[in-house]
Amino acid sequence: MKALVLTGPRKLEIRDLPDPIPGPDEVVVDVKACGVCGTDIHLFEGQGGAFANEYPLIMGHEYAGVVSAAGENVRHVSIGDHVSIDPNLYCGVCEPCREGSVHFCEQMTGYGTTKPGGFAEKSLVNARAVYKVPDSLPFEVAAMMEPVSCCLHGIDRSGIRPGSVVLVIGAGSIGQMMLMLALKAGAAKVVVFELDAAKRQKAVALGAAAAYGTDEASLAAYRKDHPEPVSSVIECVGLKVTMELALRLASRQATIMLFGLAPQGERMDIFPFDDLFKKELTLTASFINPLVAGRVIRLLQADAINMDQVITDRIPLSESVKIFTDSSYRKRGKIIVMSGM
Ligand SMILES: [Zn+2]
Ligand SMILES: [Zn+2]
């Protein structure tokens, strides 16, 4: 099989590797589509962050394909099934796992981060990692199960109720998914803040009531046009300035969901008296995607969130190095690496 292999910081090559053979509890997935995530860019740059980089590594943790081989103990999927992968494999026996908080597993491993992932023609995974998806779901949409799951966990923690007014800060692919999920969760109105005019336009096309820049004039226009109290603010950027903006824009008793991954060591200023005491704000965050994959598959199947609009590029595996080395790709929306294209 062919695979995109990270051999060191900023060193990527397409290699021929032996086809994997499944153990009794494993399946081989013929990968059809694998999304490129900010985490992959960090890994490429050698900034593993939460993950200790070990080389060589096949990155890619947002993927879907077809089961082509299965071990003797595997029951819930068969050869030929279309599947999506939840790359985070929890151990099941540590204290957080046994308390039901599997995303805090102390022995967590991840396909595409600590183990070979989806930028390859084939991927060997524990059968627990695969979810059967309908054959009618395009592979690149099925591959979005993981990022949408992360977003849905954030939505679950954002306090949205039917009729809520929700703000989303940042309208990249994550912000776009958050916007659609917030509407699905019952928000009466979602207003988006985004620097890039094209992304603002896209947000409105996806259902935002309006989209604004973040300069003072834009914020004044927003306040005039949308005077209703804001009950949830979903921050999808992770910068000090946007996290502080989220605090400023929240109304009394709002929930602020910090979803954008702030660089380690990043700080933000909070004024306990004005921000927290006088408004009774809830400040929270969201960590990976525990136990929501089934709901996400149903949302994707129902076409409840329009992933066609979020996905901007489909690049064959054979040309995938350029996604990382040509920086113009980083400004786009969701890029999908297509194996067997
Ligand atoms: Zn990701
Ligand atoms: Zn565990």
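Read the figures in this text as sums done on the coordinates, not as results from a lab. The structure displayed is predicted, hence computed values, not measured ones. With ideal geometry, Cβ positions are generated from the backbone for all residues, glycine too; neighbour counts draw on all protein chains shown.
Each Lys or Arg adds one and each Asp or Glu subtracts one; over the other residues with Cβ under 12 Å from the Cβ of residue 185, this totals +3. The trypsin sites (Lys or Arg not before Pro) of the stretch 1-109 that meet both conditions, a loop assignment by DSSP and at most 14 other Cβ atoms within 10 Å of the site Cβ, are 10, 75.
For the chain, hydrophobic long helices are taken as DSSP H runs at least 20 Å long by C-alpha position along their axis with mean Kyte-Doolittle hydropathy of 0.5 or more; none is present. Using the empirical formula 2.2 N^0.38 Å as the baseline, the Cα radius of gyration of the stretch 158-285 reaches a ratio of 0.96.
Pick from 123, 251, 232: which residue has the top mean-square fluctuation in a GNM of the chain where Cα pairs under 10 Å get a spring? Top of the fluctuation ranking is 251. Sorting the segments 291-299, 159-167 by their mean number of nearby beta carbons within 10 angstrom, highest to lowest, gives 159-167, 291-299. Over all Cα atoms in the chain, the spread is summed up by Rg and Dmax: 20.3, 64 Å. The residues neighbouring residue 323, those whose beta-carbon lies less than 10 Å from its own, together hold a net charge of -1 under the Lys/Arg +1, Asp/Glu -1 convention.
Expressed as a rounded percentage, what relative contact order does the chain have, with Cα pairs under 8 Å and six or more residues apart?
Numbers: 793 pairs, mean separation 60.2, N = 341.
Worked out over the chain, it gives 18 percent.
Were the residues from residue 279 through residue 99 laid out at 0.36 nm apart, the gain over their Cα-Cα distance would be 61.5 nm.
Any idea how far the Cα center of the stretch 109-126 sits from the one of the stretch 193-210, in Å? What the calculation gives is 34 Å, centre to centre. Antiparallel beta bridges, as assigned by DSSP with both residues in the chain, represent about 55 percent of the total such bridges.
Tell me whether the stretch 159-225 comes out rounded, prolate or oblate; compute the Cα gyration tensor, take square roots of the eigenvalues as a ≥ b ≥ c, and use a/c under 1.5 as the rounded threshold. In terms of gyration-tensor shape, oblate.
Here each label is just a point 7 Å from Cα along the line to Cβ, and for residue 107 and residue 306 those points are 4.6 nm apart.
The mean sequence separation of alpha-carbon pairs under 8 Å and at least six residues apart, normalised by the residue count of the stretch 177-313, gives a relative contact order of 19 percent. Quick one: grab the alpha carbon gyration tensor of the stretch 187-260, order the square roots of its eigenvalues as a ≥ b ≥ c, and give me rounded if a/c is under 1.5, else prolate or oblate depending on whether a/b is larger than b/c. Rounded, since a/c falls under 1.5. Among the lysines of the stretch 158-285, pairs that are 8 or more positions apart or on different chains and have alpha carbons within less than 19 Å of each other number 4. The relative contact order of the stretch 14-164, computed from alpha carbon pairs under 8 Å that lie at least 6 residues apart in sequence, is 31 percent. Per-residue Cβ neighbour counts within 10 Å put 137, 276 in the sequence 276, 137, beginning with the fewest.
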